[in-house]
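Here is the structure we will look at.
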Amino acid sequence: MTVSQLTPPALVDHKGLNEWISEVAALCKPDRIHICDGSQSEADKLTAEMVASGTLIPLNAALRPNSFLARSDVSDVARVEERTFICTNQPEEAGPTNNWMHPKEAKETLTKLFDGCMRGRVMYVIPFSMGPLGSNISHIGVEITDSPYVVVSMRMMTRMGKAVLDLLGADGQYVPCLHSVGKPLAEGEADVSWPCNPDTKYICHFPDTHEIISYGSGYGGNALLGKKCFALRIASAMAHQQGWLAEHMLILGLESPEGEKKYIACAFPSACGKTNLAMLVPPKGLEGWKVTTVGDDIAWIKRGDDNVLRAINPEAGYFGVAPGTSGKTNPNAIASLQRDCIFTNVALTPEGDVWWEGLTDTLPANLIDWQGKEWTPDSGRKAAHPNARFTVSATNCPSLDENWDNPQGVPISAFVFGGRRQTTVPLVVQSYSWRDGVYMGATLGSETTAAAAGAVGQVRRDPMAMLPFCGYNIGDYFAHWLSIGERIENSIVDGEESTLPLIFCVNWFRKDEGGDFLWPGYGENMRVLKWIFERTSGAGGAESSELGYRPRFVDIDWNGFDAADESRFQSAIKIDASEWLQELDLQREFFAKVGKSLPATFTSIQARLQERFAPKKP
Ligand code: OXD
Ligand code: MN
């Protein structure tokens with residue numbers, strides 16, 4: 001189809017969507033338009049085209065059926081936080097933790113960049129639902145993109161295609177998400193295997209109008225716009241406006257041997273093992289317990305008429321970090337990856353299979369690394385990029401929860417916040433109240449790892465693990481969390497039991513003086529989850545501390561634990577006043593940055609903590 005033929009009378013039944021498609025086509029000037037129906041035949045055709053163009057390398061079908069490897073451009077391997085903007089009329093609306101741009105300036109800049117940016121390419125229109133189709137917790141988006149890699153990835157990561165268009169009908173609401181790799185092709189110019197714009201990238205969000213525009217990157221979080229851009233940045237702003245929560249949280253189901261089931265939602269910053277926790281396999285001694293996976297990254301949570309907070313996973317797949325994933329750290333993830341996957345920036349074995357650091361104890365003798373170069377164990381570099389990813393549908397996961405696609409969502413009994421802290425933060429503590437718990441989440445910190453830029457072990461505040469994802473002023477976000485609790489508490493009539501989830505803080509990463517982890521982590525985290533489960537049932541022993549309730553040695557189930565060691569547990573659970581006085585200083589530094597939108601409640605909680613750790617002399 002030529003450009004002049006690009007104003008079809010009606011590509012879809014939705015007038016507003018038709019107009020938007022026509023406007024975008026007139027601006028971007030693609031060779032043709034394709035409305036995605038989400039069918040298997042459509043995915044197969046696009047996959048075959050990407051194999052022909054070199055974007056996808058088929059893996060050995062005997063070892064990993066229907067699976068592919070993509071190698072991105074070296075300039076396009078991660079989310080680009082410094083090129084991510086929240087576009088609001090006033091900078092205060094974006095707040096101190098976001099890059100701000102005025103919407104007018106952003107639109108002018110982007111309109112110039114998008115003019116003709118899809119020349120020589122197909123413009124794909126992807127209707128998608130974030131969350132189960134038709135759920136009142138879900139929301140619909142439409143992504144326009146010139147990347148077939150985005151189309152097949154969105155098919156795994158969201159509910160996508162014709163059924164969503166049908167649901168949208170003639171006038172349904174949707175979030176427009178516009179994406180281009182930013183590499184138009186001149187007449188006859190051959191394409192590269194990973195088109196992107198190495199020099200110019202913009203990931204722009206418009207929380208007032210609920211729009212997303214992304215230019216120049218083909219990488220996951222910058223290009224699969226349903227994920228971080230919609231489900232967190234725009235959705236958090238929608239949630240603020242509409243009274244719900246859009247959070248960077250996994251959701252898991254916990255079922256006791258007696259068949260009692262609870263759901264908990266847990267927020268952790270990157271590199272803290274979210275996917276591993278969401279797919280945990282209970283350890284020796286706790287085999288009667290079951291952990292099931294609703295989601296591994298994002299939770300949308302709304303209050304039902306019964307005052308219960310119900311959550312859905314808006315996604316339908318996993319876009320997980322491959323390095324470190326193994327049969328030991330996450331057997332359910334490994335089982336999920338046996339077929340029908342796309343791997344990005346992992347290494348290729350001579351047999352045509354994939355490999356990454358941590359997958360096996362012994363290093364393969366020869367590989368092709370993530371950049372397509374020969375690799376041996378003494379190459380002196382990593383074979384897979386540290387941010388190499390797998391993309392796979394949720395339905396591949398053996399631990400998938402039976403309610404993962406339930407339009408009602410699942411009732412949340414507890415929120416858990418956790419970071420990576422070598423010192424200071426105890427293994428687990430339960431907040432005394434909703435407000436104290438919100439404070440715990442808001443002051444969450446995590447240490448930078450050797451893989452990240454900056455000094456190792458430096459604590460970065462990452463409130464509710466939302467630092468790069470909160471689409472509005474972080475102080476207003478804290479107030480919003482407080483108000484969710486107040487609204488529920490105030491709606492509870494005398495004599496009714498509170499439906500507010502309990503709030504916990506965990507730290508799997510505390511070390512002893514010799515630098516060894518005090519807690520084994522992985523499957524053993526089930527022991528802490530079991531205590532959390534018991535606390536939400538009003539059972540489970542605990543003692544009071546300066547920070548909240550914490551388990552004593554006898555309150556944890558050690559059945560099957562090799563060499564349960566009380567003194568190591570005491571070190572893991574310890575709350576040290578001098579460490580906490582330093583921690584409170586760091587929290588105050590962060591609060592000063594938040595400025596005048598910081599809720600006053602936080603200042604009084606701070607003062608109370610300060611008093612507990614350094615009581616004033618009478
Ligand atoms: C992710 C992230 O990709 O948090 O989930 O960076
Ligand atoms: Mn994430």
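Length gained on full extension, Glu260 to Glu19: 81.7 nm, using 0.36 nm per residue less the C-alpha separation. Rolling a 1.4 Å probe across all protein chains gives His102 an accessible area of roughly 60 Å². Net charge dipole, the range 312-461: roughly 640 debye, given to the nearest 20, about the Cα centre with Cβ charges of +1 for Lys and Arg and -1 for Asp and Glu.
Compared with the direct C-alpha span, the chain from Leu185 to Ser597 gains 143.6 nm at full extension, assuming 0.36 nm per residue. Between Gln173 and Ser53, the FRET efficiency estimated from the beta carbon spacing at R0 = 30 angstrom works out to 0.25.
Legend: translational diffusion of the chain by Stokes-Einstein, Rh = Kirkwood radius over C-alpha pairs, 10 °C, 1.306 mPa s; D = 63 µm²/s.
For Lys162, the accessible area of its heavy atoms, probed at 1.4 Å with every protein chain present, is near 110 square angstrom.
Computed from the Cβ-Cβ distance with R0 of 51 Å, the FRET efficiency linking Glu374 to Thr423 stands at 0.75.
Across the range 393-409, computed HN-Hα scalar couplings (Karplus, 6.51 cos²θ - 1.76 cosθ + 1.60, θ = phi - 60°) run 6, 4, 5, 7, 8, x, 9, 4, 6, 5, 9, 4, 10, 6, x, 6, x Hz from first to last residue, x flagging Gly and Pro.
When a 1.4 Å probe is rolled over the protein heavy atoms, the share of accessible surface on the chain that falls to carbon and sulfur comes to 51 percent. Given R₀ = 51 Å, what would the calculated FRET efficiency be for Glu589 paired with Asp562, taking r from the Cβ atoms and rounding to 0.05? Here the calculated transfer efficiency is 0.80.
Asp306 sits with roughly 80 Å² accessible to a 1.4 Å probe, with DNA, RNA and ligands left out of the calculation.
Greater than 21 Å separation of Cα atoms is the criterion. Which listed pairs, Lys262/Lys290; Lys183/Lys227; Lys15/Lys227; Lys261/Lys290; Lys274/Lys530; Lys262/Lys302, meet it?
Among Lys262/Lys290; Lys183/Lys227; Lys15/Lys227; Lys261/Lys290; Lys274/Lys530; Lys262/Lys302, the Cα-Cα distance tops 21 Å for Lys183/Lys227; Lys15/Lys227.
For Glu211, the amide hydrogen comes within under 5 Å of the amide hydrogens of Phe206, counting only partners 5 or more places away or on other chains and with H modelled in the peptide plane. Looking at the chain, the DSSP beta bridges with both ends there are about 65 percent antiparallel. One chain, two ends: Leu581 and Ile334. Fully extended at 0.36 nm per residue, the span grows by 84.7 nm beyond their Cα-Cα distance. Listed peptides 589-596, 322-329, 146-153 appear in the order 146-153, 322-329, 589-596 once ranked by packing, highest mean of other Cβ atoms within 10 Å at the front. Once the 1.4 Å probe is applied to the protein heavy atoms, the chain comes out at 39 Å² accessible per residue. A simple spin-label model places the labels of Lys382 and Lys112 3.6 nm from each other, with each point 7 Å out along Cα-to-Cβ. Each label point was placed 7 Å from the Cα along the Cα-to-Cβ direction; for Asn366 and Asp512 their separation is 4.4 nm.
Amide H to amide H distances under 5 Å link Thr97 with Ile474, where only residues 5 or more positions off or on other chains count and H is placed in the peptide plane.
Taking each DSSP H run with n ≥ 4 as -39500 (n - 2.57) and averaging over every residue of the chain yields -8000 deg cm²/dmol at 222 nm.
Distances between placed amide hydrogens fall under 5 Å for Phe417 paired with Ala267, Phe504, Cys505, Val506, all partners being 5 or more residues away or on another chain. Each residue of the range 103-118 was assigned a 3J(HN,Hα) from its phi angle through the Karplus curve 6.51 cos²θ - 1.76 cosθ + 1.60 (θ = phi - 60°); the sequence is x, 5, 5, 4, 5, 5, 4, 5, 4, 4, 5, 7, 4, x, 6, 9 Hz, with glycine and proline shown as x. Taking θ as phi - 60° and the Karplus parameters 6.51, -1.76 and 1.60, the scalar couplings of the range 236-250 work out to 5, 5, 4, 4, 5, 5, 10, x, 9, 10, 10, 10, 7, 10, 7 Hz in sequence order, x denoting glycine and proline.
The values are calculated or read from the model by the stated rules, or taken from the named source; none is laboratory data. These figures come from a predicted structure and were not determined experimentally. All Cβ positions, glycine included, derive from the backbone under ideal geometry; neighbour counts span all protein chains shown. For the accessible areas, the whole protein counts, side chains as well, though only heavy atoms, and no ligand, DNA or RNA atoms are used. Shrake-Rupley method; radii C 1.70, N 1.55, O 1.52, S 1.80 Å.
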